[in-house]
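Below is one structure, written out as structure tokens; comments come after it.
The values are calculated or read from the model by the stated rules, or taken from the named source; none is laboratory data. All values derive from a computational prediction rather than experimental measurement. Positions of Cβ are generated from backbone atoms using ideal geometry, with glycine treated the same way; all protein chains shown enter the neighbour counts. Just the protein is used for accessible areas: all its heavy atoms, side chains included, with ligands, DNA and RNA removed. Shrake-Rupley method; radii C 1.70, N 1.55, O 1.52, S 1.80 Å.
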Amino acid sequence: GESVGLHLPTLSVQEGDNSIINCAYSNSASDYFIWYKQESGKGPQFIIDIRSNMDKRQGQRVTVLLNKTVKHLSLQIAATQPGDSAVYFCAENPGNKLVFGAGTILRVKS
Amino acid sequence: GAGVSQSPRYKVAKRGQDVALRCDPISGHVSLFWYQQALGQGPEFLTYFQNEAQLDKSGLPSDRFFAERPEGSVSTLKIQRTQQEDSAVYLCASSEVREQFFGPGTRLTVL
């Protein structure tokens, strides 16, 4: 997986605004992608997934967009809440294992 | 239990000691995965089991790392002669089909 050391990119948003978190993946053979949320001291928590035969999938307050041409994923969170503050990781699943991308810290200001 | 559990949650070891980390997957989940997460980074794959068979151990960083799942349920990750660079959070995940459910991890600190 990709790593950015201790300097994860940070996105700061105002409570109630929409958030967009971006991710680049590496393996063009990957056919399944997942977004995870990780809070301090906890394991990654599944948010939403998408298969490569789709370019958009919506969940509750979240939308994932997939652009296979440029190998790019994005996670959109509507009406961001303080409880959304966490580190967000995208992951690709080219086989059995998950390959995680660089995380993004989301900070929600009240 | 409702989710994946791991024990201990925290482990401090002196350099050179052996450690054993336990994972209890969700009941009935065939697949089990171990990941290593260094501070400020995403999880990195270590190894994968399908039932009791270890099908992929390509991510294990050295022969000091060993994992087993003898009865196809509980798994143990063992690290021999721990080094400071082994300090990390070790995550276990289980899955039934494709979605992987993660445990809270074991934070290992090697002094």
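Quick notes on this structure:
- The set of residues in region B:50-68 that are under 13 Å from the mean Cα position of the chain (by Cα) and in a loop (DSSP other than H, G, I, E, B) comprises B:LYS57, B:GLY59, B:LEU60, B:PRO61.
- Scope region A:26-36; condition within 15 Å of the chain's Cα centre (by Cα) and surrounded by fewer than 21 Cβ atoms within 10 Å (Cβ to Cβ); matching residues: A:SER26, A:TYR32
- Residue satisfying all of: in region B:74-111; touching a His at 6+ places or on another chain (Cβ under 9 Å) and either β-branched (Val, Ile, Thr) or more than 10 Å from chain A (Cβ to nearest Cβ) (or both); least open to solvent (accessible area, probe 1.4 Å) among these: B:SER94
- Filtered residues of region B:53-73 (kept if aromatic (Phe, Trp, Tyr) and either open to solvent by less than 60 Å² (accessible area, probe 1.4 Å) or within 12 Å of chain A (Cβ to nearest Cβ) (or both)): B:PHE65
- Failed item, numbered, when B:GLN17 is tested on (1) free of Cβ contacts under 8 Å to residues at least 60 places away in the same chain; (2) more than 10 Å from chain A (Cβ to nearest Cβ); (3) open to solvent by 70 Å² or more (accessible area, probe 1.4 Å): (1)
- Where A:GLY16 falls short, out of the listed (1) assigned to a strand (DSSP E or B); (2) open to solvent by less than 60 Å² (accessible area, probe 1.4 Å): (1)
- Restricted to region A:1-36, and to residues there that are modelled with pLDDT of 95 or more and in contact with a Pro (Cβ under 8 Å, 6 or more places away or on another chain), the residue that is nearest to the other protein chains (Cβ to nearest Cβ) is A:TYR36.
- Positions within region B:31-44 being open to solvent by less than 50 Å² (accessible area, probe 1.4 Å), in contact with a strand residue (DSSP E or B) (Cβ under 6 Å, 6 or more places away or on another chain) and either within 20 Å of B:VAL97 (Cα to Cα) or within 7 Å of chain A (Cβ to nearest Cβ) (or both), in sequence order: B:SER31, B:LEU32, B:PHE33, B:TRP34, B:TYR35, B:GLY42, B:PRO43
Conditions tested, residue by residue: (1) touching a strand residue (DSSP E or B) at 6+ places or on another chain (Cβ under 9 Å); (2) at pLDDT below 95; (3) part of a strand (DSSP E or B).
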{"position": "B:GLY1", "(1), (2), (3)": "yes, yes, no"}
{"position": "B:TYR48", "(1), (2), (3)": "yes, no, yes"}
{"position": "B:SER73", "(1), (2), (3)": "yes, no, no"}
{"position": "B:THR76", "(1), (2), (3)": "yes, no, yes"}
{"position": "B:TYR90", "(1), (2), (3)": "yes, no, yes"}
{"position": "B:ARG98", "(1), (2), (3)": "yes, yes, no"}
